[in-house]
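Nothing in this text is a laboratory measurement; each read-out follows from the coordinates by a stated rule. Remember, it's a predicted structure, so these values are computed and weren't measured experimentally. Cβ placement follows ideal geometry from the backbone for every residue including glycine, while neighbour counts extend to all protein chains displayed.
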Amino acid sequence: MPFPWLSASILFPIGAALLIPFVPDQGDGKQVRWYGLGVALTTFLITVAGYLNGYDPAVEGLQMVQRVEWLPRLGLAWSVGADGISMPLILLTSFITALAALAAWPVTFKPKLFYFLLLAMDGGQIAVFAVQDMLLFFLAWELELLPVYLLLAIWGGKKRQYAATKFILYTAGSSLFILVVGLAMAFYGGGTPTFEYTALMGKDFSTKFQLFAYAGLLIAFGVKLPIVPLHTWLPDAHGEATAPVHMLLAGILLKMGGYALLRFNVQLLPEGHAQFAPLLVVLGVVNIIYAALTSFAQRNLKRKIAYSSISHMGFVLIGIGSFSALGTSGAMLQMISHGLIGASLFFLVGATYDRTHTLQLDEMGGVGQKMRKMFALWTICSLASLALPGMSGFVSELMVFVGFVTSEAYTLSFRVVMAILAAVGVILTPVYLLSMLREIFFGKENVELASHSNLVDAEPREIYVISCLLVPIVGIGLYPRIMTDTYRASIEALVQRETLAMGRVIHTPGSNLIRQASLLQAPALPG
Amino acid sequence: MPSAAELAWLIPVLPLAGACLVGLGLISFNRTVNRLRKPVAWLLISCVGAAAVLSYAVLAQQLAGAGPTEVLFNWASAGTFNLQMGFRVDALGAVMLALVTTIAVLVMVYSDGYMAHDKGYVRFFTYLALFSSSMLGLVISPNLLEIYVFWELVGMCSYLLVGFWYDRDGAANAAQKAFVVNRVGDFGLLLGILGLFWATGSFGFEEIGANLQEAVAGGSISNGVAVVLCLLVFMGPMAKSAQFPLHVWLPDAMEGPTPISALIHAATMVAAGVFLVARLQPVYEPFAAVQVTIAVIGTITLFLGASIALTQQDLKKGLAYSTVSQLGYMMLAMGCGAPVAGMFHLVTHAFFKAMLFLGSGSVIHAMEEVVGHEPVLAQDMRLMGGLRKFMPVTSTTFLIGCVAIAGIPPLAGFWSKDEILGQAFNSFPLLWVMGFITAGMTAFYMFRLYFLTFEGEFRGKDQAIAAQLLAAAGKGGGDHDEGEPHGHLADHPHESGWQMALPLAVLAVPSVLIGLLGTPWNSRFARLLDPHEAAEIAEHFSWGEFLPLAGASVAISTAGIGLAVAAYALRRIDLGQAVAARFPAVNAFLANKWYLDAINDKLFVRGSRKLARSVLEVDSKVVDGVVNLTGLMTLGSGEGLKYFETGRAQFYALIVFGGVIALVVLFGALG
């Protein structure tokens, strides 16, 4: 039997987290942080080793499969595996968590609990991407909520209780949809209930069922992604979180939504997807423009970046709805790219807050002279975020654009209107990001702020964290195939599946519920 | 041994490697690297210098008749889609390579003098190398998408360099404005590229041209759609090459250090738009509507730039509007279907305008010794005058530049501008009239700049004017010389050191001579770019056609110069009295730059801010309001929320989680 890399990467951090109470520590976190960092790094190395030894990018199906009957009476099995949709996100998770552990260096308040939650989350999130059983997925999805909730509620800012409560209500509430739909899918068609993805893929769900299931899951995952108007937990949660939690929220948590959309909505419910895809595209465009505008008007730095995350996730939606291998590939790449760029920006926000003790842009200004390296890092990451070529954001957005525009699933006028609106984001993104840079760093020095003794330039640890994030950002930007080739086969198989389903939907008149709504008539071809 | 063309990828990579090395050094060992001024400068100059040597080797091969070289690799792929990237060397690219590297090296040498006392010296050189790399990458891009990549990168370098003195509010605003206005153009460019790819399935210039024509002929795409796509792509060059109405960023970009104005905002980056249009000729040529639009926009731009330049008091702003105007001429040539003429003007203009800007930098550098480091004072011509006595090299080269741009034979500007006017005369007579009148205006405003700066009495010590200027700029008296007491200021300016004088002298040579490569009866330039067309031009050349047109241009230029001499050298005519006072509306219109900035500010800047604020209102009041309301209602009352806010919410989370587990167990029991 090959070494169970995936199970190891899930269980090792959780197991190590349980040992934290026994780590000798003075209570100031100086010992436990090394432990936390070591475990997170080891987890990262486990995932990398798994990728190198057990994963073959040319294979489209599941790999590194491991299945152990757990509670046969419940139909529950420990079933993990990875394909092109999971593997990059697993790597992203362990990578960002390791950096978050390093970013958490200054945490001195209840450090043991902090690292315990961080590591538990690491395992939980890898599980979300790796498990191949819907019940298990649901458990992992819920399991990861708890650490986030506590991380928000204990280490957050002034309004942390409100933000944490909102987060838990939103996510827990929406995840009920996952449970209901999961149960319905498991029981569909009689016979032994099954939660295995592969078994569910084989089931022939009726189109009507697919529509209801799709709608339910869309709400659940839409909260996570987030999709406007289900997004209002995010600015609050991000506005209150500390830097390492931030990195995890933006870097990984949002990707769970996109991943789940691909895994369940597209893969398991392709006919539902064929009907809902135009809505996804419209929602994606709304995300891009709406959140870009709100970000522009925001005066609070954290919230500004939080809204910019929402805006960027719009491209994921468009890509998923594009019915093209290129567009879907772009959506995948946008998730990875935003995971890296979003994490870097949020890390910088935290580092800046440590120095200025304010997040209000009105109270900043001209600090570029005192913090030159910080200024440079901010500039690089902002440019990455506004999709400058040579960095990953550009490639992913371009792939989504080209994929969508050349997609044959939509009428020309729909594509034209959506592409033009999405491209408005190309103008709006630099408007809010560069205004932000100008207000923080440019102009006359804010004397009161500059006289602060905390206002020192970036320290090596911070430069190191950002550099680690920039290496893949620039690497993907220069040669995107280093990333896209790892999931190419799976995405192509997925797109083939959804395209076939679209053909079925178009050729079965009357089977579709939503045809009455004119907006959703956009799929037109192929004949 | 591989040929120079096969090694052309090294041309952008060498400066990039240098820039990355120094950039990493700056971030990791800031203090140490900042102290290594000369080594860094030498390293980066030799990187760009090596690129220049290679570029000339490439150019020599092209002159010897080597064909185009293209090397591609598969950059991105998904499904059936494959995107190639790589590089392509042909005559057009080789000319640009040589031009860009030459001016970049000269500007870098010049910057060693100009930025000698700046604390950002090393950073400045790094940005310069980074820019050179991006610009050179743009030049050798084999397809539209790769051009877009480097297009954005030069825009980023421009952003960084315009905002170089980031403690100045003006620079901060100008940098952002430059980037955003260019993004508006890129919005069109991106959509155009996407549309052309949809229509033709290709990003390559020739393929797009051929496939588009085929599609239109075959009826799968209507003529109107093709025109719209072409014009969308043209939005990119409009922004980058400062064409009306997207030119507004260029004059503001003068907030950057002057070497940047010479390199980026006069000679190379702003010419990228013209270059792209030249590259896209196979696409644009079949569509008359596109060509006419380009020509008309070019004409509006050339007139607008020249008219605003008439009233500028700021030396650099005057040159900036002159650049806008000259770019308009290049676009006009493109619209007339004469890319060779446009490219020729691009080359000649690059040399003499770079020289003029570097000259203005030399003046500003000298003025700063007298009036202090305050751009409002150091760049205003009302405080200059009589500088010829103090700065012989600068004044001589500046004068050569003025003669060249005014279009007096045999200097460079004459040949290239005259060729454009000749083309316009044949294609669009009405536009020719505008171009012709503007030629006179050009001569006038350039000599106005020259006389106000270099002739007459030196006015730099006039405290009354200085105070007036500061007041007009909204800066209180005295704060301009912070940390630099009056005692340190010199009585009169001095000529700049060799680092700055040498590039001026070097650039003067092509400014005088390079035009002779493009004489209409024997144009070596045209033969290199388009041998077929060169032969045709030479064949159709007749002195009877050339002399009247050329004579008319020279006459109107001379008239412009004469007016400037009468008004500013001999002081026979007081234009302020004679014209400005009599037509206050016109004067105000020009002084306010056609009110375009005001309109932009009102319509777009404030409009978008207002829109963004109202969206945020909606977000926090309506969308989030509904959420909070729902939350309240589910919990029964406001007391409920308080309950959760007082810290027992963890408990609730446990309930949620416990509920989930319970559900699972329950389900298990049922199953």
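Details
- When the range A:320-364 is reduced to its Cα atoms, the Kirkwood hydrodynamic radius in Å: 12.7 Å
- Gyration tensor verdict on the range A:61-174 (Cα atoms; rounded if a/c is under 1.5, prolate if a/b is larger than b/c, oblate otherwise): prolate
- With neighbour counts taken as other beta-carbon atoms within 10 Å, the residues B:MET434, A:MET399 rank, fewest first, as B:MET434, A:MET399.
- Calculated translational diffusion coefficient of chain B (20 °C, 1.002 mPa s; Stokes-Einstein with Kirkwood radius over alpha-carbon pairs) equals 79 µm²/s.
- Between A:ALA450 and A:ASP362, the contour length at 0.36 nm per residue exceeds the Cα-Cα span by 30.2 nm.
- Note on the range A:5-518: the C-alpha convex hull projects to 22.6 nm² when averaged across all orientations.
- Exercise: per-residue mean of other protein chain Cβ atoms within 10 Å, B:606-612: 4
- For the residues of A:222-229, the average number of beta carbons from a partner chain within 10 Å of their own beta carbon is 1.
- In Hz, Karplus ³J(HN,Hα) per residue of the range A:390-400 (6.51, -1.76, 1.60; θ = phi - 60°; x = Gly, Pro): x, 10, 5, x, 4, 4, 5, 5, 4, 4, 5
- Positive end of the dipole of the range A:5-518 (Cβ unit charges, origin at the Cα centre): among A:THR207, A:TYR115, A:ILE506, the Cα lying farthest that way belongs to A:TYR115.
- Compactness ratio for the range B:107-185: Cα radius of gyration over 2.2 N^0.38 Å (N = residue count) comes to 1.19.
- For the segment A:182-189, counting C-beta atoms of other chains within 10 Å of every residue's C-beta and taking the mean gives 1.
- Alpha-carbon Rg/Rh ratio, for the range A:284-404, with Rh computed the Kirkwood way: 1.03
- Mean Cβ neighbour count within 10 Å, used as a protection proxy, ranking A:125-137, A:344-356, A:439-451 highest first: A:125-137, A:344-356, A:439-451
- Just so you know, the Cα atoms of the range B:244-302 work out to an Rg and Dmax of 13.8, 42 Å.
- Size check on the range B:49-173: the Cα extents along the three principal axes, sorted descending, read 50, 41, 19 Å.
- Taking B:TYR321, A:TYR35, A:TYR51 and counting other C-beta atoms within 10 Å, the order from fewest to most: A:TYR51, A:TYR35, B:TYR321
- Cα centre as origin, Lys/Arg/Asp/Glu Cβ charges: chain B dipole, Debye: 860 debye
- The range A:20-74 pair-distance distribution - Cα-Cα, 10 Å bins, rounded %: 19, 26, 24, 23, 8
- Mean Cβ neighbour count within 10 Å, used as a protection proxy, ranking B:554-566, B:378-390 highest first: B:378-390, B:554-566
- The calculated Kirkwood hydrodynamic radius for the range B:367-507 is 17.4 Å, given to one decimal from all distinct C-alpha pairs.
- Debye intensity ratio in log₁₀ form over the Cα atoms of the range A:367-419, taken at each q of 0.20 Å⁻¹: -0.73
- Where Rh is the Kirkwood radius over Cα pairs, Rg/Rh for the range B:78-125: 1.31
- Of the peptides A:279-291, B:410-422, the order by per-residue mean of other Cβ atoms within 10 Å, starting with the highest, comes out as B:410-422, A:279-291.
- On the principal axes of its alpha-carbon atoms, the range B:363-435 has extents of 51, 25, 15 Å, going from largest to smallest.
- The protein assembly as shown - Debye-derived log10 I(q)/I(0), Cα point model, q = 0.05, 0.06, 0.08 Å⁻¹: -0.37, -0.53, -0.90
- Likely footprinting exposure, A:LEU359, A:LEU333, A:LEU421, fewest C-beta neighbours within 10 Å first: A:LEU421, A:LEU359, A:LEU333
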